[in-house]
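The values are calculated or read from the model by the stated rules, or taken from the named source; none is laboratory data. No experiment lies behind these values; they were computed from the predicted model shown. Cβ placement follows ideal geometry from the backbone for every residue including glycine, while neighbour counts extend to all protein chains displayed.
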Amino acid sequence: MSTSSDPSAPLTARAHGSALRGRGWLNTGGVDLDLEALRGKIVLLDFWTFCCVNCLHVLDELRPLEEKWENELVVVGVHSPKFEFEKDPEALAANIERYEVSHPVIDDPELETWTEYGARAWPTLMVLDTHGRIAGNLSGEGHAANLDRLIEQLVAEGEADGSLRRRPAPTVLSERTPQTLRFPSKLTVLPDGRLVVSDAGQHRLVVFQNDGATVDATIGTGTRGHADGDEETAQFAEPNGVLALPEQVAAEVGYDLLVADTTNHRLRGVKVGQDRLLRSRTATEVVTVAGTGAQWMQGEPLPRGEGDARSFALSTPWDLTWSHVLGRAVIAMAGVHQLWTFDPVTGALMVLAGTTQEGLVDGPAVTSWWAQPSGLDELPDGRIVIADSETSAIRVLDPQTMQVSTLVGEGLFDFGHVDGPASTARLQHPLGVTALPDGRIAVSDTYNGAIRIVEEPAADGGTATGGITALSGVIGLPDQPGAAGSEQPAPAQAHVVTVATDLKEPSDAIVGPPIDGIGQLIVVESGTHRITWVPVAKAAERMIDRGAQRSERPVTEVGPGPLTVRVLFTPPPGHKLDDSLGPSTQVTISTTPSAMLTSGGGVDTALERTLELDPAYTEGVLHVSARAASCDADPAIEFPACHMHQQDWGVPITVVEGGPDHLDLSLLA
């Protein structure tokens, strides 16, 4: 089925949408929908997967459109999973609730509808007119304004030919009753021992006594929004990372916690109220310390440590840790695939690592690539360990050398549950990392429902701790080096074991006090809406091999000769490509394996590129990252604005005789 379409073309030239196929429907009250049942409505198909931060951005972009066009538009989420865990129907239902998806969703675990509509990336948007014909094909995010114009045009068409049927979308949502925690995400401990948990599913923070069960306070109204104030009036939007500041820093800045207010794209400072002997309880106060509330988009300025941190746009900050080496907080800026820092004392905000390109590239911090970093902690030696969730990787940044290295993980599409040497070990979308006292790393391996331990090699080639668990109260000594004159072993690598399974979406952990001499982790078990204690002992370590996996996506056949890649981009109505200040487009192309691409790769401004592929390789993944800026073209607009459109594709390809000599990717068509 052809998906290229032009809204200005004659109506009869538009291709009809294919049937919506999948395992079942959610948010419809058990009713299966089809395009015939939706005839007369504008239908927006949102191809998404719940692990993908860009897809979560699009959910937020669509909310105002769903409200504005509530009687004319039906958004249908087509859930097309990337990871094995996302194929679980219970996990999908839970995450639809977690992210407050308020439109019908079709469960497409076998990518049937994805394939029929030619989707190649998360997120992809297809817009169908009132006759079920494709009127728009967009990839990536940042399209809200374009979608609004297109919907307005299609509504006018439907009114003109009498096909428009105004009625609410066929959505049936279940009741949500308040509970102590709903999809909690991260936690931290205050100096007085109280635990603070980010209650992301209820847009608030919950403070527990040190038993982790008795609620001391709730901070926030529990409804999505942004407002500073006290614990009863403040508002958050899916807060995740919570960091208890060093006591000296907290005393200087006047607040105890730094909070990653994720979908508000802000950092918040929270002074936590506490009881006092014979005096009234101190007040809780929430303030905004960084972020405008707008999501950072390509082309906007990045902070360099100057100016007011509240004047910069952030992009989905997900976690926080304190770097004693840098003397500031480190931010996992998941939405833009970077690490940033924030100094609460000076207010300085700046980029620490990452180019905003998505992938796994080590080396100097400024040229490193990341993929939705979502968990942070500081190791005893001052290095920062990171859960790079979309590459299912555990990575380390040394703030003294500003070098990045990967301990475990292969890339964007490799995952699994495999213990052993790092070269063969696999994780599945980890969201949390915890530095243990002995230097090892506990990983909240979220989509495997497990706690894993990563042990780095010691400088002498042995293990860093000699295999003795410091959490049990015993600090181990390194293994002894080999006898003098013996043959030098191969370079040592990190080693991975599993210490706990059968958890539901563990997303963070901190070290708790031992119980009966056994070390404990206090784990946020997000999928069961609770925090739980997990013992970590040598006897609990297991070697599990459930197999390494790769994301399953339809493979695109290409011919062995030169391959022309075309990024399709048509400026929306009323816009133009503006080259007055330089090129308005940029395309970056590479392959995995890298040697597959012999020429045509790298960065260029052309939307069309001819590639040469090494005939020694018959399959691989073609990575294309495209950006295009369109600007208001009407000279009557006093202050014309430019809008950035962006998308990354990872297209599995196989080389076959007689295969196509071109590949079209729609950024906006």
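Looking at Glu72, Glu97 in this structure, which one is buried (at least 20 other Cβ atoms within 10 Å of the Cβ) and at pLDDT 95 or above?
Selected residue: Glu72, the only one of Glu72, Glu97 that is buried (at least 20 other Cβ atoms within 10 Å of the Cβ) and at pLDDT 95 or above.
Only one of Asp388, Asp414, Asp419, Asp381 is acidic (Asp, Glu) and under 13 Å from Glu456 (Cβ atoms); which?
Just one listed residue meets the conditions, Asp381.
Being more than 12 Å from Pro573 (Cβ to Cβ), among the charged types (D, E, K, R) and out of contact with any Asp or Glu (no Cβ under 8 Å at 6 or more places or on another chain) is the filter here, so list the residues in segment 142-171 that pass it.
Within segment 142-171, Glu159, Asp161, Arg165, Arg167 qualify.
Of Ala626, Ala633, which residue is modelled with pLDDT of 80 or more and either touching a helix residue (DSSP H, G or I) at 6+ places or on another chain (Cβ under 9 Å) or of a type in the set (A, V, I, L, M) (or both)?
Ala626
In segment 349-375, how many are assigned to a strand (DSSP E or B) and touching a Phe, Trp or Tyr at 6+ places or on another chain (Cβ under 9 Å)?
10
Please verify whether segment 538-557 includes one or more residues that are in contact with a Pro (Cβ under 8 Å, 6 or more places away or on another chain), surrounded by fewer than 17 Cβ atoms within 10 Å (Cβ to Cβ), at pLDDT 90 or above and farther than 29 Å from Thr424 by Cβ.
Yes.
Restricting attention to segment 293-319, which residues are touching a Leu at 6+ places or on another chain (Cβ under 9 Å) and crowded, with 18+ Cβ neighbours inside 10 Å?
Gln295, Trp296, Pro303, Ala309, Phe312, Leu314, Thr316, Pro317, Trp318, Asp319
Listed residues Thr214, Thr188; which is in contact with a strand residue (DSSP E or B) (Cβ under 8 Å, 6 or more places away or on another chain), more than 30 Å from Gly136 (Cβ to Cβ) and loosely packed, with under 15 Cβ neighbours inside 10 Å?
Going through Thr214, Thr188 in turn, the sole match is Thr214.
So how many residues does segment 412-421 have that are in a loop (DSSP other than H, G, I, E, B), surrounded by 20 or more Cβ atoms within 10 Å (Cβ to Cβ) and of a type outside the set (D, E, K, R)?
Qualifying residue count, segment 412-421: 1.
Just for segment 125-145: of the residues that are in contact with a Leu (Cβ under 7 Å, 6 or more places away or on another chain) and among the polar types (S, T, N, Q), which one is modelled with the lowest pLDDT?
Ser139
Give segment 613-647 a look and list any residue that's farther than 21 Å from Ala145 by Cβ and in a strand (DSSP E or B), or say none.
Once the filter is applied, which keeps residues that are farther than 21 Å from Ala145 by Cβ and in a strand (DSSP E or B), segment 613-647 yields Leu613, Glu619, Gly620, Val621, Leu622, His623, Val624, Ser625.
Among the numbered criteria (1) in contact with a Lys or Arg (Cβ under 9 Å, 6 or more places away or on another chain); (2) of a type in the set (A, V, I, L, M, F, W, C); (3) under 20 Å from Thr321 (Cα atoms), which single criterion is violated by Val408?
Just one mismatch for Val408, condition (3).
Can you tell me how many residues in segment 177-214 are under 16 Å from Thr321 (Cα atoms), in a loop (DSSP other than H, G, I, E, B) and under 27 Å from the mean Cα position of the chain (by Cα)?
Matching residues across segment 177-214 total 2.
Given the structure, is Glu638 in contact (Cβ under 8 Å) with a residue 12 or more places away in the chain and surrounded by fewer than 19 Cβ atoms within 10 Å (Cβ to Cβ)?
When the stated conditions are applied, Glu638 does not pass them.
Quick check on my filter: what residues within segment 316-348 are under 23 Å from Ser185 (Cβ atoms), part of a loop (DSSP other than H, G, I, E, B) and touching a residue at least 60 places away in the same chain (Cβ under 8 Å)?
Thr316, Pro344
Going through segment 30-54 one residue at a time, which ones are over 21 Å from the mean Cα position of the chain (by Cα) and part of a loop (DSSP other than H, G, I, E, B)?
If the condition is that a residue be over 21 Å from the mean Cα position of the chain (by Cα) and part of a loop (DSSP other than H, G, I, E, B), then Gly30, Val31, Asp32, Leu33, Asp34, Leu35, Glu36, Ala37, Leu38, Arg39, Gly40, Lys41 are the ones that fit.
Results for (1) within 23 Å of Ala294 (Cα to Cα); (2) of a type in the set (Val, Ile, Thr); (3) surrounded by fewer than 20 Cβ atoms within 10 Å (Cβ to Cβ), shown as yes or no for each residue.
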| residue | (1), (2), (3) |
| --- | --- |
| Ala595 | no, no, yes |
| Gly601 | no, no, yes |
| Glu608 | no, no, yes |
| Leu613 | no, no, no |
| Gly620 | no, no, no |
| His645 | yes, no, no |
| Thr654 | no, yes, yes |
| Glu657 | no, no, yes |
| Leu665 | no, no, no |
